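What follows is a set of notes on a single structure, which appears directly below.
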Amino acid sequence: MSSAPVAANIEDRPRPVGDAGRAGQFVFVAAIILLCAWILVPLYLLFVNTLSSPAEVTGFPKSGLPSFSMGSVQFFLSFSGVGQALWNSLLVAVLTMVFSILLGAPAGYALSRFEFPGKEIFRLLVVMTRAFPLPLLALPLAVMFIRTGLDDTALGLALVHTVLALPFAVLITFSLFAGIPVELEEAAWTLGCNRLQAFIKVILPLVLPGIVASAVFAFTISWNEVFAASVLTIENRTLTAFLVQNLNVSPLHLKFAGGTALVLPALIFIFAVRKYLFAMWGIANR
Amino acid sequence: MKASARYLISTAFGLSLTLGVTAGAGAQVLFWSNQAAPIEETQAMREQVLAGFDGQVDFQTQEPGPFLTRLDAELEAGSGAIGVVGALHGELSNYTESWMDLSGLDLGVTVGPALLELGRLGTDELKYLPWMQASYVMAANVQALEYLPEGYDLDALTYDQLVEWMEILATETGSPKFGFPAGPQGLKHRFFQGFLLPSYAGSTVTKFRSAEAVAGWEMFRELWQHTNPASTNYGFMQEPLLSGDVWVAFDHVARLGDAFNQRPDDFLAFPAPAGPMGRGFMPVLAGIAIPQGAPNPEESQALAIYMMQPETQVATLRATNFFPTIDIDLPDDLPNSAQALGAAITTMTGSDDALPALLPIGLGDLGGQFNQVYVDAFERIILANQDIAQVLDDQANALRDVIDRAGAPCWAPDAPSEGPCPIE
């Protein structure tokens, strides 16, 4: 547009530094509020609608406040098998966590400390395991599981989830170990430790928070996985397999209640281990 | 912090050690179903229908994806956990070879001969028991009736009259009031396969791109002008009907029932409209089959027989809004949904111009792609407003491809064919 008169009005002298600082602070606070709202508003709506009666959920306008009608919640609590499914979900997620660390951390250590032929290809292959969609793999897996007796067990499902979580476990632990100078280990060797002792006494304490964080990551991957869980388990359903498939064809008020049932345990878990998550980012930033 | 991290890890190890490989629960029959999947229906099936069975039943519902994958896996492995399968006719017909012959079972009830014929799946054996049936109807808020033009009979409505009525309704009330389940979970493809095309072209496949079919799509495009635009988000029409966003809607009876049960005086059901070729409608038939590798065949058969008993069939109707397949008198105290929707179905199937269009038969696992052809046609013609004849020509090629790959012969209302069903 007509830029000349505007340009003439601009004062050609530096602004006080405080101005820029204030503007920066405003953007910073606005971004924080936006990020918090991004997470909290959907959760709030989920909880409010869970505690509302069916008529309020479909009705409009909405009050935005819960009326503490427990109908939807009660329906869920009485829905047979929810407790068992919750237990199965936990079991599978914990197993996945353990397996992916037991397999992933040594791989990450090897990648960060050793040069070996095919190292780059190995790193690529690890990520490749995520390249095949589960619906494609589920059929042959299920056939094999039925034949080997792994079918419908927490162990079998945890193995599948471990495959899904492993790339992340390997890559996260790789960056953890890479962030710790090899000189620390070498110093330990010169002071009389053997390789294993140096690892356990020097390296492990440093990476433990990060490892726990990547374990949490494996936990959430397993917790959220639906397709393999619903094909590979029958009586030992996980909560997602148990609920998600039925929920998306259920009335709105039950969708909200089911959503809460799925979100709440994960929220509690993440809350319990939050400091390890922060620890991981601290290390990754070093 | 380090200590608690160790604690967490050791707890994790401890947990994993305490778990053994969990074994199956023994004599329990697994009822693997993709019907009655909404969570309230699942609950009702467990508590009201299956509780009376003399034995243990585990009723599990699944979406089509995992449902079929699991079934495939068990049939391929030759053994598994599934004792009884409950699914639609079209899905059961994909596995004809895998089902146990049920013709020897003593049901003690009379099943309609036409339904039994479908249950044979073209063989000499009874491959599945016709379990329950349903269809699609129209539902209207009683307020909408005030705008119905003089002399129009709801029970004998034509599509042109419906368009006219909806136009009046939209103009008088200021916003479009027709609702159509065009959302991701909606059964829109069934409307095109079983209602629109049969009513206009007298065919689902053969005359897919005929001039008559074009006329049908033109009518639907006009109807779409008076359709609530939120329809592309609707899955179950009972919800927009209850919230008042929509006054007149088309859907599966099981997806309308809640509206009739919550506010029985506010809604009424009526047959789907008729086109130039008749009143096309699609019956829905669900069946019960037993896989040949079922872990406990006697128990499975006992359960299948139990599901066909009059009391069970009535209980199933109450739980799911699917109607009995056997010859019985329905009790008077049925829920409002069953009464209203049942009457509309009876009127529709018994009308003079009734033109039943079956669910797709013989498509195997290509059923999803078959549906996609109709959904794509809908999206291009109605949502993207493309030229109807051009779109139908394109989609006819896709349709021919699916039919040829499946080698599926024609099914009603198309005339029987030798080899794959042709598209003119």
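Results, tabulated for the structure shown:
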{"item": "Residues located in region B:183-200, provided they are closer than 18 Å to B:GLY368 by Cα and open to solvent by 10 Å² or more (accessible area, probe 1.4 Å)", "result": "B:PRO184, B:GLN185, B:LEU187, B:LYS188, B:HIS189, B:ARG190"}
{"item": "Of all residues in region B:116-166 being open to solvent by 40 Å² or more (accessible area, probe 1.4 Å) and of a type in the set (Ser, Thr, Tyr), the one that is farthest from B:ARG221 (Cα to Cα)", "result": "B:THR123"}
{"item": "One residue from B:GLY90, B:GLY112, B:GLY83 being open to solvent by less than 50 Å² (accessible area, probe 1.4 Å), of a type outside the set (A, V, I, L, M) and within 14 Å of another protein chain (Cβ to nearest Cβ)", "result": "B:GLY83"}
{"item": "Cross-chain or 6+ apart pairs with Cβ under 6 Å, region B:351-363 first and touching a residue at least 60 places away in the same chain (Cβ under 8 Å), then open to solvent by less than 30 Å² (accessible area, probe 1.4 Å) and among the β-branched types (Val, Ile, Thr)", "result": "B:ALA357/B:THR204"}
{"item": "Selection within region B:240-256 - within 11 Å of chain A (Cβ to nearest Cβ) and open to solvent by less than 10 Å² (accessible area, probe 1.4 Å)", "result": "B:PRO240, B:LEU241"}
{"item": "Any chance A:ALA31 is open to solvent by less than 50 Å² (accessible area, probe 1.4 Å), within 30 Å of A:LEU157 (Cβ to Cβ) and free of Cβ contacts under 8 Å to residues at least 12 places away in the same chain", "result": "no"}
{"item": "Test set (1) open to solvent by less than 10 Å² (accessible area, probe 1.4 Å); (2) within 11 Å of chain A (Cβ to nearest Cβ) - B:GLY78 fails condition number", "result": "(1)"}
{"item": "All positions within region A:204-219 that are farther than 23 Å from A:THR238 by Cβ, crowded, with 21+ Cβ neighbours inside 10 Å and of a type in the set (A, V, I, L, M)", "result": "A:VAL207, A:ILE211"}
{"item": "Residues satisfying the stated conditions in region B:366-424, i.e. among the acidic types (Asp, Glu) and open to solvent by less than 70 Å² (accessible area, probe 1.4 Å)", "result": "B:ASP376, B:ASP393, B:ASP394, B:ASP414"}
{"item": "Set B:GLU40, B:GLU63, B:GLU47: member being closer than 22 Å to B:PRO324 by Cβ, within 10 Å of chain A (Cβ to nearest Cβ), modelled with pLDDT under 85 and out of contact with any Cys (no Cβ under 6 Å at 6 or more places or on another chain)", "result": "B:GLU40"}
{"item": "Flag for B:GLN262 being modelled with pLDDT under 90, open to solvent by 10 Å² or more (accessible area, probe 1.4 Å) and within 23 Å of the chain's Cα centre (by Cα)", "result": "yes"}
{"item": "Filter result (aliphatic (A, V, I, L, M) and modelled with pLDDT under 85) within region B:117-144", "result": "B:LEU118, B:LEU121"}
{"item": "Members of region B:232-258 found to be part of a helix (DSSP H, G or I) and either at pLDDT 90 or above or more than 22 Å from B:THR347 (Cα to Cα) (or both), listed by number", "result": "B:THR232, B:ASN233, B:GLN238, B:GLU239, B:PRO240, B:LEU241, B:LEU242, B:SER243, B:VAL253, B:ARG255"}
{"item": "Hits in region B:180-199 (condition: in contact (Cβ under 8 Å) with a residue 60 or more places away in the chain and either in a helix (DSSP H, G or I) or not assigned by TED's automatic domain parsing to the domain that holds B:THR232 (or both))", "result": "B:LYS188, B:HIS189, B:ARG190, B:PHE192, B:GLN193, B:GLY194, B:PHE195, B:LEU196, B:LEU197, B:PRO198, B:SER199"}
{"item": "Any hit, region A:141-148, residues being part of a helix (DSSP H, G or I) and of a type in the set (Gly, Ala, Ser)", "result": "yes"}
{"item": "Criterion violated by B:PHE67 - all others in (1) open to solvent by 30 Å² or more (accessible area, probe 1.4 Å); (2) over 15 Å from B:ILE290 (Cβ atoms) satisfied", "result": "(1)"}
{"item": "For B:SER203: the one exception among (1) surrounded by fewer than 24 Cβ atoms within 10 Å (Cβ to Cβ); (2) more than 18 Å from B:TRP247 (Cβ to Cβ); (3) in contact (Cβ under 8 Å) with a residue 40 or more places away in the chain", "result": "(1)"}
{"item": "Meets criteria (open to solvent by 50 Å² or more (accessible area, probe 1.4 Å) and outside any helix (DSSP H, G or I)) for B:ASP54", "result": "yes"}
{"item": "Neighbours by Cβ (under 9 Å, 6+ apart or cross-chain): first from region B:385-401, farther than 19 Å from B:GLY367 by Cβ and free of Cβ contacts under 8 Å to residues at least 40 places away in the same chain; second of a type in the set (Asp, Glu) and open to solvent by 40 Å² or more (accessible area, probe 1.4 Å)", "result": "B:VAL391/B:ASP376; B:ASP394/B:ASP376"}
{"item": "Within region A:52-107, tally of residues that are more than 8 Å from chain B (Cβ to nearest Cβ), open to solvent by less than 60 Å² (accessible area, probe 1.4 Å) and not in a helix (DSSP H, G or I)", "result": "7"}
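A quick yes/no check of all residues on (1) at pLDDT 85 or above; (2) farther than 17 Å from A:VAL94 by Cα; (3) within 14 Å of another protein chain (Cβ to nearest Cβ):
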| position | (1), (2), (3) |
| --- | --- |
| A:MET128 | no, yes, no |
| A:LEU139 | yes, yes, yes |
| A:ARG147 | yes, yes, yes |
| A:LEU159 | yes, no, yes |
| A:VAL170 | yes, yes, no |
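The values are calculated or read from the model by the stated rules, or taken from the named source; none is laboratory data. Predicted model only: the values in this text are computed from it and were never measured. Quick reminder, even Gly has a Cβ in these numbers, built from the backbone with ideal geometry, and neighbours come from all protein chains shown. Ligands, DNA and RNA are excluded from the accessible area calculation, which covers all protein heavy atoms including side chains. Shrake-Rupley method; radii C 1.70, N 1.55, O 1.52, S 1.80 Å.
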